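Asks: Here it is: the structure, laid out below.
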Amino acid sequence: MDIKVITGEIDKIEAGAVIVPFFEEAEEPEGDAAEADRLLEGAITQLVRQKEIKGKLNEVTVIYSLGKLPSGRVVVAGLGKKADVTVNKIRSAVAEACRRLRSRGVESVAVPALGSGAAGITDAVSAQAVTEGAILGLYSFRKHMTKPAEGEITQLIIFAPDSAGLAALQQGYEKGRILAEAAIFARDMVNEPSNHMTPTAMAGMATRLAHTHGLELTILEREQMRTMGMGAILGVAQGSELPPKFIVLRYKGTDSGETDVALIGKAITFDSGGISIKPSEGMGDMKGDMAGGASVMAAMGAIAQFRPKINVMAVIPATENLPSGSAFKPGDILKSMSGKTIEIITTDAEGRLTLADALEYARKQGAKRVVDIATLTGAVRVALGTVCTGAFSNNKEMEDRVIAAGAEAGELVWPMPMYDDYKEQNKSEVADLQNSGGRNAGAITAAQFLAEFAGDTPWVHLDIAGTSMSDKERGYTVKGATGVPVRTLVNFVLAMQK
Ligand code: BES
Ligand code: MN
Ligand code: ZN
């Protein structure tokens, strides 16, 4: 989709459709909607009177302009109550309107700085939200479909009435485009099936990302992992015919020589459960068990484009988890890179094993802070549903920063308890730790397991098992991969440089 930012007014702009806002409980159209109403000889006002237009969030009303203005349709997008408008509601409203127009064969859409002025939203922030809403909402994964899509919106025009407002719109649009494209990069990786998105394919994507954005790249092969003592990830990798890849990307924004933050992403390219095999129903979704790794890679691409003055390292331990004659087994004891030994209760609690070695690696590399992102437990979905990502941390201040970065992105994050009492459940009778704490508080005990490897490094763990994929279309979320929490991670890193 080609996006351009121009000066222009609704009576001059030519597009398949032009979107104007309407707030719930408003008596009459205002701003761009008022202008459209005038050109349409009162059609919007009439529809409001008839209660056809209520302004409820995500409500979309298409009015044919029949030559009364240069664009073929005026689309009235409901934004909810004016006082309650948020950036995220703008993203959603634009996404819903764009999808509706696409289904009707519209190819170009013009949008003003929707919602700007309401609830403290600036032109720049609105343009960013419009861009994100359109790109994310119109996303589809068609790579393996041999028939072309039926209709596509090929052009988005963001317009301001005068050139004074143009710079702000342009700036907001550029930020929104980088963020949304990063989220889509992650969605594409997560939607890709495991026969395509193998650990080697992930390493290939990292290599391309490094070349495109000038990132430093290190890929450790199985032998090097063995030399470094990464017995935990190697245990998981044992059952697969495919070679594991321990992927490290580095972005340098300063010469300080320090690694200000490490982003670690779980990257199980397929999680069958291993010998503790999962039930077959829904197992295909486990192609998405590399969503943490994908989101970290996508965030690095965006960070490289924003060029913040800090140093960021990404660590992506990639492998499959499969049963075979060589697979690790329940009862086995693995020695992690940290030296801590782990009794395997279930081979399906594999993510925490790969992350244990990644956390140790990041610490040895001198990371001052760590965020790990993982589709770690079904339990987090039981606790928080698909609405928010669970956050677990040993550092309240850092956790608050991640939550704030999430709020800015419209990606909800909720803090979970980390009382020491939970550690009890991870105690083994034959090793330092066991890899499952049982059914109770499964998301917390998984996090407590990771905490053992984070040590005293300020650390936040994000369990995205409920949020990385969606089974329904809503707002700017479509079915399949969501791209969560790419935009949160980028916002977090950008806010850190200040
Ligand atoms: N990858 C899964 C977690 C998961 C579940 C992600 C559903 C996305 C959707 C993880 O490796 C896993 O299998 N966790 C187990 C842990 C248990 C065996 C201690 C789980 O949640 O059941
Ligand atoms: Mn598993
Ligand atoms: Zn898993």
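The values are calculated or read from the model by the stated rules, or taken from the named source; none is laboratory data. Keep in mind the model is a prediction, meaning the values are calculated, not measured. Neighbour counts are summed over all protein chains in view; Cβ atoms, including those assigned to glycine, are modelled from backbone coordinates with ideal geometry. All accessible areas refer to the heavy atoms of the entire protein, side chains included, with ligands and DNA or RNA removed. Shrake-Rupley method; radii C 1.70, N 1.55, O 1.52, S 1.80 Å.
Asks: What angle do you read, to the nearest 10 degrees and between 0 and 90, between the alpha-carbon axis of helix 87-103 and the longest principal axis of the chain?
Replies: 70
Asks: Normalized C-alpha radius of gyration of the chain, against 2.2 N^0.38 Å?
Replies: Numbers: Rg = 24.2 Å, N = 498, 2.2 N^0.38 = 23.3 Å.
Scaled against compact globular proteins, the figure is 1.04.
Asks: Hey, another quick one. First check a/c for region 2-182, with a ≥ b ≥ c the square roots of the eigenvalues of its C-alpha gyration tensor; if it is under 1.5, answer rounded, and if not, answer prolate when a/b is larger than b/c or oblate otherwise. The partial results should precede the final answer.
Replies: Working: a/c = 1.44, a/b = 1.21, b/c = 1.18.
Because its axes are fairly even, with a/c under 1.5, region 2-182 counts as rounded.
Asks: Charges at C-beta only: +1 for Lys and Arg, -1 for Asp and Glu. How large is the resulting dipole of region 194-496 about its Cα centre, in Debye rounded to 20? Kindly include the intermediate steps, with their values, before the conclusion.
Replies: On the way: 29 positive and 34 negative charges, 127 e Å.
The calculated dipole for region 194-496 is roughly 600 debye.
Asks: Pairs 143/175; 82/266; 396/427; 81/472; 12/51: which are spaced more than 31 Å apart, C-alpha to C-alpha? Present the calculation step by step, with values, prior to reporting the outcome.
Replies: Numbers: 143/175 26 Å; 82/266 40 Å; 396/427 25 Å; 81/472 25 Å; 12/51 29 Å.
Pairs exceeding the cut-off: 82/266.
Asks: Right, another one. Given Cα pairs under 8 Å that are at least 6 residues apart, what percent is the relative contact order of region 194-496?
Replies: Numbers: 724 pairs, mean separation 62.8, N = 303.
Computed over region 194-496, the figure is 21 percent.
Asks: Per residue, how many Å² of accessible area does the chain show with a 1.4 Å probe? Don't skip to the end; give the middle numbers.
Replies: Working: 20100 Å² over 498 residues.
For the chain, the per-residue accessible area is 40 Å².
Asks: May I pose another question? Semi-axes of the equivalent ellipsoid for region 332-457, please: Cα gyration tensor eigenvalues, times 5, square-rooted, ordered largest first, whole Å.
Replies: Values: eigenvalues 116, 64, 29 Å².
Taking √(5λ) for each eigenvalue gives 24, 18, 12 Å, largest first.
Asks: Let me have the 222 nm mean residue ellipticity of the chain computed from DSSP H runs of 4+ only, each contributing -39500 (n - 2.57), with the sum over all residues rounded to the nearest 500. Working shown, then result.
Replies: Details: 14 runs with 176 residues, N = 498.
Counting only the DSSP helices, I get -11000 deg cm²/dmol.
Asks: If you fit an axis through the alpha-carbon atoms of helix 396-409 and take the longest principal axis of the Cα set of the chain, what angle between them do you get, 0 to 90°, nearest 10?
Replies: On a 0 to 90 degree scale, this one is about 40.
Asks: Tell me, what % of the accessible area of the chain is carbon and sulfur with a 1.4 angstrom probe? Walk me through the numbers on the way to the answer.
Replies: Working: 9760 of 20100 Å².
That share works out to 49 percent.
Asks: Among DSSP beta bridges lying fully in the chain, give the percent that are antiparallel, nearest 5. Mind dumping the intermediate values first?
Replies: Numbers: 27 of 69 bridges.
That works out to approximately 40 percent antiparallel.
Asks: Report the Cα centroid-to-centroid distance between region 39-72 and region 431-446 in angstrom, as an integer.
Replies: 56
Asks: Can you give the FRET efficiency to the nearest 0.05 for residue 474 and residue 439, using r as the Cβ-Cβ distance and R₀ = 41 Å? Before the final figure, lay out each step's value.
Replies: Working: r = 30 Å, r/R0 = 0.73.
The value I calculate is 0.85.
Asks: Between residue 424 and residue 254, what is the label-point separation in nm under the 7 Å Cα-to-beta-carbon projection?
Replies: Between residue 254 and residue 424, the simple spin-label model gives 4.3 nm.
Asks: Let me ask something else. Residue 228 to residue 278: FRET efficiency via 1/(1 + (r/R0)^6), r the Cβ-Cβ distance, R0 22 Å, to the nearest 0.05?
Replies: Numbers: r = 30 Å, r/R0 = 1.35.
Plugging the Cβ-Cβ distance into 1/(1 + (r/R0)^6) gives 0.15.
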